[in-house]
Amino acid sequence: MASTIREIRHRKREQRLRDLRRDAATALANQPSSSLWLFGSWARGDWDSYSDVDVLAIAPSRHEASGLANAVLELGMADDVLALSEQEWQARRNGDDPYWRAIGRDALRLSAP
């Protein structure tokens, strides 16, 4: 039976999310109080062949978040990584800036809570 484009896109996105979650578990192995979040077109589901993978690295401190961001880049799991402390992330996702509010609304956590 032939697949529809919608089904193919769904399967491709689900496979990408599985791969990202697997890599997130590796990156977070020694940082249990940190998290990784997918944002942008892959998180929203409106990606195309030119879309990059955008990830937020969230940790208790900015220093720890930067280390986590480096691990994400070394694993090759994302094209762009933003490093924020947990406090910065909460302030931005709940603040007044529409850019950050949209990221907070659409972001998918790649790691277990």
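Some observations on this one:
- Neighbours by Cβ (under 6 Å, 6+ apart or cross-chain): first from region 88-113, closer than 19 Å to Trp42 by Cβ and in a loop (DSSP other than H, G, I, E, B); second among the aromatic types (Phe, Trp, Tyr) and modelled with pLDDT of 95 or more: Ala107/Trp37; Ala107/Phe39
- Qualifying residue in region 42-56 (condition: touching a residue at least 40 places away in the same chain (Cβ under 8 Å) and assigned to a loop (DSSP other than H, G, I, E, B)): no
- Hits in region 27-56 - residues which are modelled with pLDDT of 95 or more, among the hydroxyl-bearing types (Ser, Thr, Tyr) and touching a helix residue (DSSP H, G or I) at 6+ places or on another chain (Cβ under 7 Å): Ser34
Yes or no, residue by residue, for (1) in contact with a Lys or Arg (Cβ under 8 Å, 6 or more places away or on another chain); (2) of a type in the set (Ser, Thr, Tyr); (3) open to solvent by 80 Å² or more (accessible area, probe 1.4 Å); (4) on the phi > 0 side of the Ramachandran plot:
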position	(1), (2), (3), (4)
His10	no, no, yes, no
Leu28	no, no, no, no
Ser35	yes, yes, no, no
Gly45	yes, no, no, yes
Asp48	no, no, no, no
Ala59	no, no, no, no
Asn70	no, no, yes, no
Leu75	no, no, no, no
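- Of all residues in region 47-88, exactly one satisfies the criterion of being within 13 Å of Leu108 (Cβ to Cβ) and charged (D, E, K, R), namely Asp54.
- The set of residues from region 104-113 being modelled with pLDDT under 95 and open to solvent by less than 30 Å² (accessible area, probe 1.4 Å) comprises Gly104, Ser111.
The values are calculated or read from the model by the stated rules, or taken from the named source; none is laboratory data. Because the structure is a prediction, the values reported are computed rather than measured. Glycine also receives a Cβ, built like all others from the backbone with ideal geometry; neighbour counts cover every protein chain displayed. Please note that ligands, DNA and RNA were not included when accessible areas were found on the heavy atoms of the full protein model with its side chains. Shrake-Rupley method; radii C 1.70, N 1.55, O 1.52, S 1.80 Å.
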